[in-house]
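The values are calculated or read from the model by the stated rules, or taken from the named source; none is laboratory data. The model shown is predicted, which means the values in this text are computed figures rather than measured ones. Positions of Cβ are generated from backbone atoms using ideal geometry, with glycine treated the same way; all protein chains shown enter the neighbour counts.
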Amino acid sequence: MNPWIELGTADIPNAGGQLKLSQRGDEFSIRLSGVRGELMNSRVHGSEEALSELGCAHLKSTADAHVLVGGMGMGFTLMAALKAVMPTSKVTVAELVPEVIEWNKGPLGACAGYPLNDSRTSVHQGDVVELFKDRKPAFDAILLDVDNGPEGLTQTDNHQLYSSQGVAAIQQCLKPKGMLAIWSAFPDEKFLGRLKKAEFQASMKMVRARPGKGSRHTIFLAQKK
Ligand SMILES: C[S@@+](CC[C@H](N)C(=O)[O-])C[C@H]1O[C@@H](n2cnc3c(N)ncnc32)[C@H](O)[C@@H]1O
């Protein structure tokens with residue numbers, strides 16, 4: 001078996017530790033430092049794609065849709081969002097760690113088919129939360145996969161995204177009937193209740209990590225009323 005080769009490391013802002021990119025043959029892995037484990041593996045991406053397919057299902061015929069993807073990772077969610085919307089739509093990807101964007105311009109980008117090269121893609125290099133500050137209804141869909149679920153993992157500051165105030169800010173940044181979709185490794189009834197209190201029509205959908213098999217992941221789907 002091929003050995004893992006370290007391709008790069010990157011500091012996560014706000015004392016979030018480090019990300020490490022490794023390659024073994026055609027398999028890539030992004031790991032978090034310490035005991036937090038693997039953030040993303042190129043072999044397993046069914047639920048990351050489902051995040052976009054479910055979150056953008058209402059946009060199939062919306063010519064000028066604007067979708068925000070929170071977390072570039074290996075680009076599977078971004079590529080699936082580009083496939084789910086029209087050629088005249090646009091997709092912004094927000095990524096906290098600059099090196100992740102650089103890695104996706106290199107060999108890592110091949111995993112998802114180089115979604116950064118699509119002319120509909122624009123990049124916000126920084127914390128996705130910065131895009132929720134002006135509370136203007138700018139997006140038709142907001143797709144978040146920045147942690148392991150609705151709690152801060154990559155950096156503790158991410159907790160704010162899932163708080164009542166955070167959810168309310170995101171709700172205000174969606175256009176009417178806009179969809180918030182959040183990837184999670186586990187269901188969370190308490191968080192579902194928080195979404196419902198914020199004037200979302202919300203549900204949890206179980207999806208598989210690989211087509212028809214693999215781990216069960218949860219997508220929170222919350223449509224603005
Ligand atoms: C699990 S990976 C995303 C995987 C991605 N869905 C895919 O298809 O490959 C999480 C990504 O979110 C980024 N991230 C974490 N917190 C963030 C934040 N607050 N704002 C923007 N990006 C963030 C991480 O650096 C990492 O690249």
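Output the residues belonging to the stretch 140-156 that are under 16 Å from the mean Cα position of the chain (by Cα) and over 19 Å from residue 52 (Cβ atoms).
151, 152, 153, 154, 155
Could you list, ordered by first residue, the pairs with Cβ atoms under 7 Å in which the first is in the stretch 210-223 and on the phi > 0 side of the Ramachandran plot and the second is of a type in the set (A, V, I, L, M, F, W, C), at least 6 apart or interchain?
If the second residue must be of a type in the set (A, V, I, L, M, F, W, C), the pairs left are 214/44.
Among the listed residues 113, 34, 70, 75, identify the single one that is within 11 Å of the ligand (Cβ to nearest atom) and on the phi > 0 side of the Ramachandran plot.
The conditions single out 75.
With the structure loaded, tell me whether residue 93 is more than 8 Å from the ligand (Cβ to nearest atom), under 24 Å from residue 220 (Cα atoms), surrounded by 24 or more Cβ atoms within 10 Å (Cβ to Cβ) and at pLDDT 95 or above or whether it fails that test. Break it down into steps so the answer makes sense when it comes.
Details: more than 8 Å from the ligand (Cβ to nearest atom): yes; under 24 Å from residue 220 (Cα atoms): yes; surrounded by 24 or more Cβ atoms within 10 Å (Cβ to Cβ): yes; at pLDDT 95 or above: yes.
Yes.
For the subset of the stretch 124-147 comprising residues that are within 11 Å of the ligand (Cβ to nearest atom) and free of Cβ contacts under 8 Å to residues at least 60 places away in the same chain, which member is farthest from residue 35 (Cα to Cα)?
For the stretch 124-147, the residue satisfying everything is 132.
Of the residues 21, 68, which is surrounded by 22 or more Cβ atoms within 10 Å (Cβ to Cβ) and within 14 Å of the chain's Cα centre (by Cα)?
68
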